[in-house]
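Here's the structure we're looking at; comments come further down.
The values are calculated or read from the model by the stated rules, or taken from the named source; none is laboratory data. Because the structure is a prediction, the values reported are computed rather than measured. When we count neighbours, we look across all protein chains shown, and the Cβ atoms used for this are built from the backbone with ideal geometry, even at glycine. In case anyone asks, the SASA skips ligands and DNA or RNA and just uses the protein heavy atoms, side chains included. Shrake-Rupley method; radii C 1.70, N 1.55, O 1.52, S 1.80 Å.
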Amino acid sequence: QGPVVGSWYKILDQLIPGTSKVVAVKKMVLDQGAFAPCFLGCFLAITGAMNGLSIEENWSKIQQDYVDALLTNYSIWPPVQIANFYFVPLKHRLAVVQCVAIIWNCYLSWKTNRL
């Protein structure tokens, strides 16, 4: 995840330069509105494939888990990202996110490995 997320933060800084509160909110909205849904969908698809699910089983599992995981994402990540974009310099943002991601990845692991 690190290289993808790190590259995304660089793109965000190019698209929306600055560090004000308004800029932090704009970055969070773009992050959570565009990147998070796509990244989560890819994560679920890759996890299903790596677990040996057929295409049909994988699609069914994605349909079962996606909305709930995305809603849980929206209860955790927006405040983290606003603080991250406002207080943390670009070179340290990935480290901050990876600390929170330990808990998030535990949740996703549990979610994707339930039957």
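Annotations for the structure displayed:
- The number of residues in the range 1-32 being modelled with pLDDT of 95 or more and outside any helix (DSSP H, G or I) comes to 3.
- Residue count for the range 84-102 satisfying the condition of being touching a residue at least 12 places away in the same chain (Cβ under 8 Å) and open to solvent by 20 Å² or more (accessible area, probe 1.4 Å): 6.
- Scanning the range 13-39 for residues that are touching a residue at least 60 places away in the same chain (Cβ under 8 Å) and either in contact with a Lys or Arg (Cβ under 7 Å, 6 or more places away or on another chain) or open to solvent by less than 50 Å² (accessible area, probe 1.4 Å) (or both) yields Asp13, Val23, Ala24.
So that you can scan it fast, the table gives a plain yes or no per residue for (1) under 22 Å from Ile16 (Cβ atoms); (2) buried (at least 17 other Cβ atoms within 10 Å of the Cβ); (3) in contact with a Pro (Cβ under 6 Å, 6 or more places away or on another chain):
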position: Gly48; (1), (2), (3): no, yes, no
position: Lys61; (1), (2), (3): no, yes, no
position: Asn73; (1), (2), (3): yes, yes, no
position: Tyr107; (1), (2), (3): no, no, no
position: Arg114; (1), (2), (3): no, no, no
